[in-house]
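The values are calculated or read from the model by the stated rules, or taken from the named source; none is laboratory data. Since the structure is predicted, the reported quantities are computational estimates derived from the model, not experimental observations. No Cβ is skipped: glycine too gets one built from the backbone with ideal geometry, and neighbour counts run over all protein chains shown.
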Amino acid sequence: MLEPPIITVNTVLSLMALDYPSNKLSCYVSDDGCSPLTFYALNEALNFAKIWIPFCKKYDVQVRAPFMYFSTPPHHLHSSTQFQYDWKTLKVEYEKLERKIKEAEENRIGWHEESGIDLAAFSNISTKHHPSIIKILWENKEVSDELPHLIYVSREKSFKHHHHCKAGAMNVLTRVSGVLTNAPYILNVDCDMFVNNPQVVLHAMCVFLNSKDDLEDIGYVQTPQCFYDGLKDDPFGNQLVVVFEYSARGIMGLQGPFYSGTGCFHRRKVLYAQFPHHTIYFLDGKASEQELIKTFGYSKTFAKSATYAFKDQNTNTSGYPPKGLLNNNLEAANQVAGCGYEISTSWGSEVFFSFT
């Protein structure tokens, strides 16, 4: 665990509160440190999310990371008595959440027992050598105004296998999400970068789903990174103003800027090395079992989910995996999160993030 858990919690809360039907969203948190503290913080944040998300949507909150939202007085446009009461209530609850996480972070005696959270999976393990741990913290039961799925993922690590850093973690998230929810689009966000526009998903979908001007060839849509409270005029160049405001815009007509690593919406089937408009070789039954294993690995569940991902979204009426059954595919999810899953496959070379 490299980032303080409260930072990760704020990122997760800002993503779960997006202006989009909750039953069409899933939030996966990749914990490469396999930290019981991160797992604990997410469980505590889930309780806060049940009041935070309705508040954000009721009052059309723009910045939905609570630490940033509560850093300034309430907006003058919201002056009703009810809003003032709700604002103060939420602020108190967020401060309680912060305090709980801080006390756990400082290793206050007894926080494991007092939390009531099952942390047995984290017993007697090393951050560099442990089995995969995948937990469904919250499952949406196809209710659009409920919380979205929240899923904790810590991939398997072993001293015998290179973990390939962020690329390896992102590949695991792609496979795990493929067997559990298999959404046609994936947004990846670093744990220290919250969402400052709750309608960003709608904006990205407008680009992906617009059929004019050959936009069906778009593989990913990314948003620029913005940094708060930076030094005036960016004297050290670490706010990336030149990169995002000038360089990136200057090459928009040349297949767009390079992938910047965060704040990016990916088309899933493109991550599987398929162009959006191509006829899919795997869908017509021509691919042999060896070809399927080479491309997708030895999980038949994942291979099946990948073939569904290749289909046009509008014609995929059956869907895979079946909705509302996340726990049924946990065994497959742990399998594709294994540290040896990518051996002798195209993962890391032809499919998704490259290891080189």
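Among the residues of the range 224-247, is there at least one that is in contact (Cβ under 8 Å) with a residue 40 or more places away in the chain, more than 15 Å from the chain's Cα centre (by Cα) and more than 24 Å from T8 (Cα to Cα)?
The initial filter retains those residues of the range 224-247 that are in contact (Cβ under 8 Å) with a residue 40 or more places away in the chain, namely 228.
Okay, now just the ones that are also more than 15 Å from the chain's Cα centre (by Cα), so 228.
Still in the list and also more than 24 Å from T8 (Cα to Cα): none.
Checked the range 224-247: no residue is in contact (Cβ under 8 Å) with a residue 40 or more places away in the chain, more than 15 Å from the chain's Cα centre (by Cα) and more than 24 Å from T8 (Cα to Cα).
Could you pull out every one of the helices (runs of 4 or more DSSP H) wholly within the range 241-356 that has 3 or more residues that are at pLDDT below 80 and surrounded by fewer than 17 Cβ atoms within 10 Å (Cβ to Cβ)?
Numbers: elements: 268-271, 289-296, 300-310, 330-336.
Where helices (runs of 4 or more DSSP H) fall fully within the range 241-356 and carry at least 3 residues being at pLDDT below 80 and surrounded by fewer than 17 Cβ atoms within 10 Å (Cβ to Cβ), they are 289-296.
Taking only pairs six or more apart or across chains, which ones have beta-carbon atoms under 6 Å, a first residue in the range 134-145 that is assigned by TED's automatic domain parsing to the domain that holds L119 and aromatic (F, W, Y), and a second residue that is surrounded by 12 or more Cβ atoms within 10 Å (Cβ to Cβ) and part of a loop (DSSP other than H, G, I, E, B)?
Listed by first residue and then by second, the contacts come to W138/L147.
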